[in-house]
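The values are calculated or read from the model by the stated rules, or taken from the named source; none is laboratory data. A quick note: this is a predicted structure, and the numbers were derived from the prediction, not measured. For neighbour counting, all protein chains shown are included, and Cβ atoms are generated from backbone atoms with ideal geometry for every residue, glycine included. Ligands, DNA and RNA are stripped out before the accessible areas are found, and what is left, the full protein with its side chains, is counted by its heavy atoms. Shrake-Rupley method; radii C 1.70, N 1.55, O 1.52, S 1.80 Å.
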Amino acid sequence: MSDQEIIVVTGDRTTGPLHLGHLAGSLQARLQLQGQYRQFLLLADTQALADHQGDYSRVRQSVIDVALDYLAVGLDPQQSTFLIQSMVPELAELSFYFMNLVSVARLERNPTVKTEIRNKGRERDIPAGFLSYPVSQAADITALKGTLVPVGADQLPMIEQTNEIVRRFNQMVGSDILRECKALTGKVTRLPGIDGQQKMSRVLGNHIALSASPDEIRTAVRKMFTDPQHLRVEQPGQIAGNTVFTFLDAFAPDQDKVAEFKEHYQRGGLADAVVKAYLEEVLLALLEPIRARRNELAHDPERILSILMAGSSRAREIAALTLYQVKKAMGMFYF
Ligand code: TRP
């Protein structure tokens, strides 16, 4: 691997199946990067446990679910390396060394962690592992020699913190062993939830799963947030903040039709139900092939596991090399 090679490291905490928000954002970005660069897709089960203490069976099931989602949308294990975080123990060991390169105060200031803690409403009563998850993320990225990390804007502080650790380590050992990475945010769009909240999230319950059935899609679209002031069909309606239109912008193949709808809606005379019927049609067409492929793959769990084994052992070789370089630089070699 040359020093200049761009290596993409990306992944998901495995706390549940993926949804449309992922499809519009990170999955889209990964599909685009897949043909261009070497890419690692990390199923972050260890990190998921920091978020869901003791929920082992759920995290295990989610690893399979997320792998199925990746495959169903067209991420290809021949081109991207799928790995399970816990199957690369070098990541944990590296995290342990990195833990000493960052202060508790700095972790508490990490805006992503701060927001997540606030959302959980737990203040300081959180597992030490949760507070330090940015450190494990830094280990994931650096162990695999990642230089490019496609992330949503909310994960930017993770990249900043990773690079701080990299600089700190390199400075401590007096050699550029670890590489800094760059965030790739432009390609990751953030889809609102069906309730119009700024972010679609399974935790908030405002999501549409990639594996959603036609019935589930229909129900979600019917419930979807529109313009609350648009009470009668003849009234002009608002596009800004109207989730149905945001989804059409993201997914409708016929953007001319969307433009026409917008114009008509703003003028008045276009019913929410009509716009929603079109969105329903768009989402059914989008998700049906994904669901079909997912169901087909789900029949062959052995195949999924062997993809994950193969990817994890490939990643392990690289992580082991990084760990060797790190320990050697620290003088932690005794034979
Ligand atoms: N923190 C990411 C999430 O919450 C998952 C993740 C773990 C990750 N390690 C990573 C993402 C390394 C990019 C690179 O989904």
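Once region 27-41 is narrowed to residues that are touching a Ser or Thr at 6+ places or on another chain (Cβ under 7 Å) and crowded, with 20+ Cβ neighbours inside 10 Å, the residue that is farthest from Thr115 (Cα to Cα) is Gln39. Scanning region 10-21 for residues that are within 11 Å of the ligand (Cβ to nearest atom), open to solvent by 10 Å² or more (accessible area, probe 1.4 Å) and not hydroxyl-bearing (Ser, Thr, Tyr) yields Gly11, Asp12, Arg13. When Asp272 is tested against (1) modelled with pLDDT under 95; (2) more than 24 Å from the chain's Cα centre (by Cα), exactly one condition is not met: (1). Taken over region 163-190, the criterion of being without any contact (Cβ under 8 Å) to a residue 40 or more places away in the chain and farther than 30 Å from Thr246 by Cα is satisfied by Asn163, Val166, Arg167, Asn170, Gln171, Gly174, Asp176, Arg179, Glu180. Does region 123-132 hold any residues that are assigned to a helix (DSSP H, G or I) and of a type in the set (Gly, Ala, Ser), and which are they? Answer for region 123-132, where residues must be assigned to a helix (DSSP H, G or I) and of a type in the set (Gly, Ala, Ser): Ala128, Gly129.
Checking the stated criteria, Phe247 turns out not to satisfy the condition of being touching a Gly at 6+ places or on another chain (Cβ under 9 Å) and either under 17 Å from His19 (Cβ atoms) or assigned to a loop (DSSP other than H, G, I, E, B) (or both).
So that you can scan it fast, the table gives a plain yes or no per residue for (1) in a helix (DSSP H, G or I); (2) away from the ligand (no atom under 14 Å from the Cβ):
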site: Gln4; (1), (2): no, yes
site: Leu23; (1), (2): yes, yes
site: Ala29; (1), (2): yes, no
site: Gln36; (1), (2): no, yes
site: Ala48; (1), (2): yes, no
site: Leu75; (1), (2): no, yes
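Of the residues Thr185, Thr162, the single one that is assigned by TED's automatic domain parsing to the domain that holds Gln32, among the β-branched types (Val, Ile, Thr), surrounded by 13 or more Cβ atoms within 10 Å (Cβ to Cβ) and in contact with a Leu (Cβ under 7 Å, 6 or more places away or on another chain) is Thr185.
Here region 123-151 is the region considered, the condition is being open to solvent by 20 Å² or more (accessible area, probe 1.4 Å) and within 9 Å of the ligand (Cβ to nearest atom), and the residue that is nearest to Thr10 (Cα to Cα) is Gln137.
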